[in-house]
Every structure is written in C-alpha cells, then in structure tokens.
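For reference, the structure discussed in these notes is given below.
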Amino acid sequence: MDKKSTASPHLLEIAWEACNQVGGIYTVIRSKVPAMMEYWGDQYCLIGPYFPNQAAAEFEPSDDYSDVYGKAVLELREQGIECYYGTWLVTGRPKIVLINPQSAFRGLSEIKYFLWENHRIPTSNEDLLNQVLAFGDMVKRYIKILADKTKVVAHFHEWMVGSAIPDLRREQVPVKIVFTTHATLLGRYLAMNDPNFYDQLTSVDWQHEARHFNIEPAVSIERAAAHGAHVFTTVSEVTVRECIYLLDRIPDTVLPNGLNIRRFTAMHEFQNLHLTYKKKIHRFVMGHFFQSFPFDLEKTIYFFTSGRYEYRNKGFDLTLEALARLNHRMKQAKSDMTVVMFFVTKQPFYSINPAVLHSKALMEEIQDTVESIQEQLGERLFNAAASCTDHKLPELNSFVDDYWKLRYRRTIQSWKTHQLPPVVTHNLVNDQTDEILHFLRTSNLVNNADDRVKVVYHPDFISPINPLFGMEYGQFVRGCHLGVFPSYYEPWGYTPLECVASGIPAVTSDLSGFGDYVKKHVKKYTDKGIYVIDRHERSFDDAAEQLTRHMFDYVEMSRRERIAQRNKVEGLSEMFDWKKLLVHYERAYQLALTTNSEE
C-alpha cells in the first residue's frame, strides 16, 4: 500500500470510550493508538465526550492550537460549545478533542425534531440517549469545520457516536465516513434472552424486537449509521451475519481486534512472571481454603473466567456445567490434583464477606509470627554454631521462647474452622437470585473437602487496591494456568486474547469472533494452547462435554507439558499484535477514500 496516498488525509477516530472507560471498546481504541500514531503521526486525532472525572486522570490540555484540529476547536468554541484540545495520556500520546455533551442540551428538542423529521429516528428522554444525541450534533459541527480545512476520513465506533452520520450525509459534508459496529445492540439483547438466537436470526422483525426491549431509538441510530457510512465494518465474521439480518447491510470489510503484544527476548522471562504471580494467588488460596482444609499447592491448577456479567452470553452457564462434570470425572479417576476456578465479574454487593477478610488477617498474623520465630531462631542458631564444640544440629525447639510457641499455637487454633470455605467472597445484593450462586448451591459444588474442583466467585474486578488480591488484573491472568471463555455471544472477545498475550492457554468458542478467527487462521491451534469449543449448531450438552474433556486433558498434563504449551501460546501472540492487524483498518480507509461520495 502506498503510505503517502493513504496518510495524506487527516484521520478522525470518534468513540464514546475515547478517554472514557466504560467497556471493551476502550481497550480496542486505547491499545490501537501506538500503531495508529506510528502510521498516521500528527494527522491522527480522536474525539470523545468530556467527563471531568475521566479527563482529570487521562487528559492533558494543550495551549497550542496551530494545527487544523486545534483551529477547528477554537471555531467550535466560538459557537458556544465547551470543548477541549490536548493529549490523551496513554501509550502513543495521541491528540484528542473532548466535547462536553451538556453544551448542546439547550438545543436537544430541536436536535430530536430534525432526527425524526429528516431521518425518521425516534427518540426518548433517557439520560444516556440525551448525552449521545447532544454529542453527535457537536461532532457533526466539528467535522463540518474541519472538512473546510483539509481532507478528512472520520471513523465512528458504535451507535453512541453514530447520530452524527445521517446529517453529515444529508448536508453533503465532504468527509469520508467509516462506521464500525462492535456488536449490534439488538443482537446482544436477543442473545441474552433467546436460547435459539442464531437459529431465528433470519426471521427477526428488528423494529418489533427493538420496541419490545425498549431500545428502538438506539437501534434506529445504529441502522442509520450503518446505511449512512461510505464503508461499513464489523469486528468478526461471526457478527457479519448479525449485521446483514439486523441492520440490513452487508459489512464491506472485517476489522479484527488486537493488542500491544510485549514479546520477551528470553523465553524464561515470561515463565518467571507466571511463577511470581502464581505465588501471590497461592497466598490468597491458602488464606481462603486452608483454614478449613489444606491441599497440595504443587498439584493445584488455577482456572479463571472474567468479563461482564452476562450469564448465558459469556458462557458462565456452560462453564459451571462443565466444572460440575469435571469434579465428578476427577473423583472417578481418583485424581490427586485440585482445580481452583475463579469467576471474576461485576455484581452489586454490600461488602466483602467479613469471614474472608478475617481469615486473610489471621493468615498475615501467622506470617508475622513465623517471621519473628525465624529471626529469633536464626540469630540463636548462628551463635550456637559459632560457639559449638561438635558438629551436631542443636535441638531447634529450645531456641524459641515460650511466648512465640504459645502465640504460634493460639493463632493457628483461632484460624482453623470446620466451616466450608465460602464460594463467594462478597455479600451480594442479589444473593438469592444470583445465577452463578444458584447453580453452585443446587449442584452442591460448594467447596466440600473431597471436591477436586473448588470455586471462588469474586464479584468485583481485580486491581492493586483490591484487598483480597492486591494485584493488577494482567498479573492475575499471568499467575493462572487456563482462561475459560466458551461464549454463546461474543462479537470478538478480548479475554482469551489477553490470555494469549500473557502466554496463558485459553478456551474460547466458535461463536466468538476470536474463536472463529483462530479456527480460520491458526493451524493446529489446540496444540498451541487455544481450545475452541464447537457451539455453532451444537447442543448445550455436547458443548459442555467438549469443555469438560478439554479441562480434564489439561489437568492430566505434566508440569513439563504445561510449560511447553505456555511457550507455544506466547509464540502465537505475535499474530494478534496491532502492528500486524492494522492493515485491515488501512484497507477500510483506502476503500472509503476511493468511494464516490454520492454512493
């Protein structure tokens, strides 16, 4: 591709999650920035909504408005719009324009009137929709100003910024428009509520269903954006069919998602990181389980799943069923291994379970006591060794004061309990109706001593300020052995990709964009640590059996085999680097630039 011809226009990337972390699209936009900057340089700029709390942490205002983006900001301000120009403080440090949606609230009635009058897009008085419509109107104004100064390609992500597109086309603004739907809004709702979603996709009455779920304005914006764009894209082949039947337009191209892949010059480096963070998880597991019963940490495997709480869509239901079967199978096989499965998601809770915190505190007290005994013992042993006349090891017990012996015994006695370790770490608001807890309780997968599969349900995201783990989510991923994400509905799926980037094997499904991509582009992917569950046109029972088999096979691996597989996964990660995948984006921009504006 001729770099000069592609890079000659200015590229605007518009997203509700630019400098505003809400969900997965934030990761897409943020992680792609360094590769975009390397290719586009000063001709690349983002637009996002201005929210003071988010901006305070991630935005640095500029006092230089000399380029076309800055000049357009000044002109927009002259129209009475509150907007800011500066740098997004992420790797790559791109230019960014932040516009306060509140600035256009006084004209909301007029904005809504013309959306209906000109495009038959209905509206409501919902707060998010009001912000989205106000933001869209100001983005349109900004692009009109910018398009008078230079050649512009505008890339819009998702329906939240799509309301600007119909008017840009109607007013014939000289801008080339790319629109990406990462997941159709209606598709997500249907998949959550219809177990036969994929079978019935061809016969969906979009308007009827959108009204049923009370999302007609958003779906109408999404459809108008898809039809108004010069180039319409989605993130995977899995969502192409969804776009055809729910948005009535065939995507022009697919834009797979990537990550910034950090490669290690020496293979042992990332293996050492796995060991370091696994020890941190060991410490949590000891505090959580060992007060009730110990097990051999050298024969313990850590599985995990994470993501938004969508019980069916994220495959939590399938994962739980497979875990129950795995527990039974490991008991039958008299396996001496233990699997600890972590569910990391976000659910409303009152507080962390006091018993969990109490056990952790007592563990820390035991550690302090042991360290004090070690210090006393070490000093006295050294003195004895220096002054002894024989070569015998002294009776070490005699070197420890009665005080520390008593404190050691009492601390351990107060820590030990006959109660089962809790399956959930927090006191949930919806404890009685939570679907994960309901399954665990009805299937008696409640951390019994003889269970080979233990469960820790952590209804909050993991971060360094989290009192139970005290580590970054990425560090937690590296410390585990296997990520489990057999999604029913997943347009792409960052969680298994994050595992691959960390050199950790992962389970995905062929109904996720990532899993579908792997099946089509990676040879012998199972050998390389990516397990793809076949869910397309397969029964739930069949998929559960596949997942159980994959898990059991992994448990049966030797330590040497698991290390070898991590090496293969880490070696595979390079193909998902943004530097490799950016070619798909450049193809979309080239297609937009060569498209007749009247098309």
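Just so it is clear, none of the values below were taken in a lab; they were calculated from the coordinates. Quantities reported herein were computed from a predicted structural model and do not represent experimental measurements. Neighbour counts run over all protein chains shown; Cβ positions are idealised from the backbone, glycine included.
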task: Compute the FRET efficiency between Gln102 and Thr27 as 1/(1 + (r/R0)^6), taking r as their Cβ-Cβ distance and R0 = 30 Å, and round to the nearest 0.05.
output: 0.65
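Roughly what % antiparallel, to the nearest 5, for the DSSP beta bridges in the chain? Intermediate results must be reported in sequence, preceding the final value.
Numbers: 11 of 62 bridges.
Here the antiparallel bridges make up roughly 20 percent for the chain.
The range 356-415: percent of C-alpha pairs farther apart than 12 Å?
Working: 1228 of 1770 pairs.
That fraction is 69 percent.
Quick one: net charge around Lys140, please, counting Lys, Arg +1 and Asp, Glu -1 for every other residue with C-beta under 11 Å from its C-beta. Let's see the in-between values first.
Working: positive: Arg141, Lys144, Arg169, Arg170; negative: Asp137, Asp167, Glu171.
After counting each charged neighbour, the total is +1.
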field: Contact order normalised by residue count of the range 101-202, Cα under 8 Å, 6+ apart, percent
entry: 23
query: Ranked from highest to lowest mean number of other Cβ atoms within 10 Å per residue, what is the order of the peptides 225-233, 487-495, 355-363, 146-154?
result: 487-495, 225-233, 146-154, 355-363
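Based on the mean of other beta carbon atoms within 10 Å per residue, what is the order of 312-324, 269-281, most packed first? Present the calculation step by step, with values, prior to reporting the outcome.
Working: 312-324: 23.6, 269-281: 16.5.
Most protected by this proxy first, the peptides run 312-324, 269-281.
Starting from the exponent 0.38 and prefactor 2.2 Å, build the expected Rg for the chain from its residue count and divide its actual Cα Rg by it. Working shown, then result.
Numbers: Rg = 27.8 Å, N = 599, 2.2 N^0.38 = 25.0 Å.
Dividing the Cα Rg of the chain by 2.2 N^0.38 Å gives 1.11.
From Cα pairs below 8 angstrom and at least 6 apart in sequence, can you work out the relative contact order of the chain, rounded to a whole percent? Display every interim value, and only then the final one.
Working: 1006 pairs, mean separation 87.7, N = 599.
About 15 percent, as a whole number.
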- prompt: How high is the relative contact order of the range 369-501, in percent, with contacts defined as C-alpha pairs under 8 Å that are six or more residues apart?
  reply: 14
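Which of the peptides 292-302, 531-541, 547-557 is most tightly packed, and how do the rest follow, judged by the mean count of other Cβ atoms within 10 Å per residue?
Working: 292-302: 14.8, 531-541: 16.7, 547-557: 19.0.
Descending mean neighbour count gives 547-557, 531-541, 292-302.
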- prompt: How much net charge surrounds Ala72 when only the other residues with a Cβ under 13 Å from the Cβ of Ala72 are counted, with Lys and Arg +1 and Asp and Glu -1?
  reply: +3
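So what's the net charge close to Met363: Lys and Arg +1, Asp and Glu -1, counting the other residues with Cβ under 12 Å from its Cβ? Please report the intermediate quantities before stating the final value.
Values: positive: Arg283, Lys360, Lys416; negative: Glu364, Glu365, Asp368.
Local charge sum for Met363: 0.
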message: Counting other C-beta atoms within 10 Å, and keeping those with at most 10, which DSSP coil trypsin sites (Lys or Arg not before Pro) do you find in the range 442-527?
response: Lys523, Lys524
